[in-house]
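Single-structure report; data block below.
Quick note: the coordinates plus some simple rules give every number you see, no bench work behind them. These figures come from a predicted structure and were not determined experimentally. All Cβ positions, even for glycine, are placed from backbone atoms using ideal geometry, and neighbour counts span all protein chains on display.
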Amino acid sequence: MSNVMNRREFLKRGGALVAVGSLPFSLVEIAFGKGSAEDFTFAYISDSHITHLKGNQFVRNWDRGLIRAVAEANLLDPRPDFFFYGGDIAQLGKREEIDHGLEILAGLRGDVHYVMGEHDYYLDLGEYWREKLGPDHYSFDHKGVHFVVLNSILTYDDWTYHKWDSDMARMQQMARLDNPQGSPFMVGDAQRAWLAQDLAGVDKDTPVVVFSHSPLQKIYKGWNFWTEDAEQVQALLQSFRKVNVLYGHVHQIQTNQIGNISFNAAMATAWPWPYPATYKQAESFLPKLTVEMNRADPFFERDATGWQFINLHTGDVEVEYILPDNQNRTVAFDPEAGHPVDKQFQAAADRIPPQTHY
Ligand SMILES: [Fe+2]
Ligand SMILES: [Fe+2]
């Protein structure tokens, strides 16, 4: 029996014994069934790509982006219950990069949960990251919400183990965005079996939030905005009343809804990726719900980078994108529409068109 079930059982049985007049209203709602989850917030920082040059020198811009996000996240009011880091601490998986990134992140005042990015993984297959941070997939419960962390950046064994002369050659191939030598990401059989088992103990009414690095959906394979076994992972999540997937990796705002699963991407603190359509002169690969950013002005080094403040309203996610040198954006689940919407720019006429790169 999960902690959530224990808690719900406690509230169901114990709540009725306590004089209702002595309980705060929100607790009364929980005890008497309006919803099982409480409102709370957490902050989400992602994709810092700390890059080691030599000795104790690192690329300044990527350091500055992370330092700023940590400083701002520490000033949030209300205080977030915890912090989440969405992967790609390092650029080339080096120990110096992971150490330097974690030193900056150690400034966060509160617990931090981490997900593995491909830039953290493909040098030593995650060995140093796991040594510092623990398992790459796990779950935990918080105030009536079940959180799941997955390592979604694995790929086929042939590519990982039998193709490259050195670990760094493998890392450098996977570090490129537009690389036909790359290989699609996946969660893989072992973790999907673990996920099925983990979810078997969770009540179907419990809100579920999944953290992954790559999108748990198929957006654009050419850039690995992709997870090969996305449909199989989604199938394990579809029987729950409400599921949110939060992912990094794409360094841009993306929004989608597939069945009961809402998807929200995170900004990077390091640099923005262009949207595939604006760069490739190809038909848009993005989900229709996505409101693209107007971006990025090369004269503002922090434009189209940022981090997120996330409000969980009894399981409905509201993402406030904190965007230095750009206007903040809020994407929130709209119960009437049945999917997340951009609070200001969802209507086509209200949008600021993205720049094109050709
Ligand atoms: Fe990244
Ligand atoms: Fe990534």
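Taking H as built 1.01 Å from N, whose amide H comes closer than 5 Å to the amide H of Arg329, not counting residues under 5 places away?
The list, which skips near neighbours in sequence, is Tyr321, Leu323.
What shape does the stretch 47-163 have by the C-alpha gyration tensor, where a ≥ b ≥ c are the square roots of the eigenvalues, rounded means a/c under 1.5, and otherwise prolate means a/b greater than b/c and oblate the rest?
Details: a/c = 2.51, a/b = 1.16, b/c = 2.16.
Note, shape of the stretch 47-163 comes out oblate.
Could you give the length gained by full extension between Gln238 and Arg64, i.e. 0.36 nm per residue of separation minus their alpha carbon distance, to one decimal place? Intermediate results must be reported in sequence, preceding the final value.
Working: separation 174, 0.36 × 174 = 62.64 nm, distance 3.95 nm.
Length gained between Gln238 and Arg64: 58.7 nm.
Please list 3J(HN,Hα) in residue order for the stretch 60-67, calculated via the Karplus relation 6.51 cos²θ - 1.76 cosθ + 1.60 where θ = phi - 60°; whole Hz, with x for glycine and proline.
4, 4, 6, 4, 4, x, 6, 4
With a Förster radius of 22 Å, plug the Cβ-Cβ distance of Asp111 and Leu76 into 1/(1 + (r/R0)^6) and report the FRET value to the nearest 0.05. Can you show the working numbers first?
On the way: r = 14 Å, r/R0 = 0.65.
Once the sixth-power term is evaluated, E becomes 0.95.
At 7 Å along the Cα-to-beta-carbon direction for both Lys288 and Ala196, put a label point, then send me their distance in nm to one decimal.
Inter-label distance under the simple model: 3.3 nm.
How high is the FRET efficiency from Thr330 to His162, r the C-beta distance, R0 45 Å, rounded to 0.05? Walk me through the intermediate numbers first.
Numbers: r = 46 Å, r/R0 = 1.03.
The formula returns an efficiency of 0.45 here.
Using 1/(1 + (r/R0)^6) with R0 = 25 angstrom and r between the beta carbons of Glu127 and Asn179, what's the FRET efficiency to the nearest 0.05?
0.60
Taking N as the number of residues in the stretch 160-254, what value does Rg over Cα atoms divided by 2.2 N^0.38 Å take?
Details: Rg = 15.4 Å, N = 95, 2.2 N^0.38 = 12.4 Å.
After normalising by residue count via 2.2 N^0.38 Å, the value is 1.24.
Which distance in nm do the two modelled labels at Ala347 and Glu103 give, with both placed 7 Å along the Cα-to-Cβ direction?
In this crude spin-label approximation the distance works out to 5.1 nm.
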